[in-house]
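Single-structure report; data block below.
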Amino acid sequence: MFSLKPYFPPDFSEARFQNAPEAVLKPAPFDGVAPEHYHAMSIFPEYFKIGGRWLLAEESRMDCVAVYENGKIVVREFRLLKKGDLIVTGRTENCEEGIFMHPDGFREQKAEKDTFAFRQNRSRETAFSRDYDELYELLKYERDHGKIVWVMGPAFAFDADARRAMSKLIENGYVHAVLAGNALATHDLEGAYLRTALGQDIYTQESMPNGHYNHLDLINRVRYHGSIKAFIENEHIDNGIIYSCEKYGVPYVLGGSIRDDGPLPPVYGDVYAAQNAMRDQIRSATTVISMATMLHTIATGNMTPSYRVLPDGTVRQIYFYCVDVSEFVVNKLADRGSLSARGIVTNVQDFVVNLQKGLGL
């Protein structure tokens, strides 16, 4: 049976905590501007000594700043700062300035490494069978006790089996939110409406005559109906990822891109509005699975800390998986600072079908 790793908070009775100075707070000089020497957040739990107490930033995000507000630490993007907000300053992380970063609260086991050893990183040569076994148990647990957010590229829409598998996961409660772009929704709905994705038959992979019009016709038809929901109802759509999200009330955020066609009506054209909507879903996420979308994956990784504080005050781990056929994409997430991400190098269509079968759906 799956069980969460316990969280071990710092021992604040130690001399370094007792003797630490108070964190220095300085007001933001203007809207959207932090004071000099501001403290930038990480993915790890961080504590700040204010009023003699060590306060944990409960909803964190890397590359943002800590604001002391109403007796709590609020983590806020630079663009959302207001003049006069009290910002924590200091760039040390071991109590020297009343700031403590706690990177090993879940006491992850780390294997001893020789100075010279082969195959230390994950690659296409890595066997991921153990990862699948862990994922089956994790997802069964999270279905009832957590929130599973999927970050998806359009690759799933090009394969009938992958669309079916993802729909099964949604139908059976393994998907609590989807973050994607215009392309995933467009080609998935095209598959339901015309049996093609970018004009290619999703069953036979044959290109259809004039098929390059299909995704544009789909977008135009959805826009004619005014919404995806109305399109699904009026055109009698009965399959696919977006159809399943609508049917089972799973929220999806479609973040726009400068290269988008159309786009579909719910796509966010304002990048910061998209970021806000994505973060609204990530704030309560406990497991994130990112598949075949480098930019959306990095964006989500940068706004996902390594921990979550539950309503009862329990601190628990967030699980983050990055799945892509490209080693470059999988490794780039770690390079961007999302050090807690687990990488799986494989074809994402096969990955989601394996998950569906392994979960017995």
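The values are calculated or read from the model by the stated rules, or taken from the named source; none is laboratory data. Since we're looking at a predicted model, the values are computed, not measured. As a convention, Cβ positions derive from the backbone with ideal geometry for all residues, glycine included, and neighbour counts pool all protein chains shown. Areas reflect the complete protein model, heavy atoms only, side chains present, ligands, DNA and RNA absent. Shrake-Rupley method; radii C 1.70, N 1.55, O 1.52, S 1.80 Å.
When the chain is treated as a GNM with alpha-carbon contacts under 10 Å, the residue of Pro29, Pro265, Pro209 showing the greatest mean-square fluctuation is Pro209. With both labels modelled 7 Å from their Cα along Cα-to-Cβ, the Glu327 to Asp11 distance reads 4.2 nm.
Counting heavy atoms of the protein chains alone, Thr92 has an accessible area of about 50 Å² for a 1.4 Å probe.
Quote to one decimal, in nm, the extra length available between Asp238 and Tyr224 on full extension: 0.36 nm per residue of separation minus the C-alpha distance between them. Please list the in-between numbers first.
Details: separation 14, 0.36 × 14 = 5.04 nm, distance 1.90 nm.
Contour length minus Cα-Cα distance gives 3.1 nm.
With 24 Å as the limit, the listed pairs Lys5/Lys247; Lys26/Lys82; Lys49/Lys147; Lys72/Lys140; Lys5/Lys140 have Lys5/Lys247; Lys49/Lys147; Lys72/Lys140 beyond it between alpha carbons.
In loop segments of region 197-287 as defined by DSSP, the GluC sites (Glu not before Pro) with at most 11 further C-beta atoms inside 10 Å of their C-beta are Glu206. Mean residue ellipticity, 222 nm, helices only, the chain: the sum of -39500 (n - 2.57) across DSSP H runs of n ≥ 4, divided by residue count and rounded to 500, is -9500 deg cm²/dmol. With only Cα atoms counted, region 172-244 has Rg and Dmax values of 12.4, 38 Å. Between Ala20 and any residue 5 or more places off or on another chain, the built amide H atoms are never under 5 Å apart. In summary, the aspartates and glutamates within cross-link reach of Lys229, defined as a Cα separation below 18 angstrom excluding same-chain residues under 8 places away, comprise Glu171, Asp188, Glu190, Asp217, Asp238, Glu246. Close amide H partners of Gly181, meaning residues 5 or more places away or on another chain with modelled amide H under 5 Å apart, are Gly255. Set the Förster radius R0 to 45 Å, insert the Cβ-Cβ distance between Glu36 and Tyr213 as r into 1/(1 + (r/R0)^6), and round the FRET efficiency to 0.05. After rounding to 0.05, the efficiency reads 0.20.
Can you tell me the alpha carbon radius of gyration of the chain divided by the globular rule-of-thumb value 2.2 N^0.38 Å? Before the final figure, lay out each step's value.
Working: Rg = 22.4 Å, N = 361, 2.2 N^0.38 = 20.6 Å.
For the chain, the normalised Cα radius of gyration is 1.09.
Here region 203-361 yields Rg over Rh of 0.99, to two decimals, using C-alpha coordinates and the Kirkwood radius. Across region 272-316, Cα-Cα distances exceeding 12 Å account for 64% of all pairs. Taking amide H as placed 1.01 Å from N in the peptide plane, the amide H of Val325 sits under 5 Å from that of Thr346, Val348, each at least 5 places away or on another chain. The fraction of accessible area contributed by carbon and sulfur in the chain is 49 percent, rounded to a whole number (1.4 Å probe; ligands and nucleic acids excluded). Surface exposure of the chain, expressed per residue as accessible area with a 1.4 Å probe, stands at 49 Å². Report note on the peptides 129-138, 350-359, 150-159: ranked by the mean count of other C-beta atoms within 10 Å, highest first, their order is 150-159, 350-359, 129-138.
Relative to the Cα centre, the charge distribution of the chain, modelled as +1 at Lys and Arg Cβ and -1 at Asp and Glu Cβ, gives a dipole magnitude of about 380 debye.
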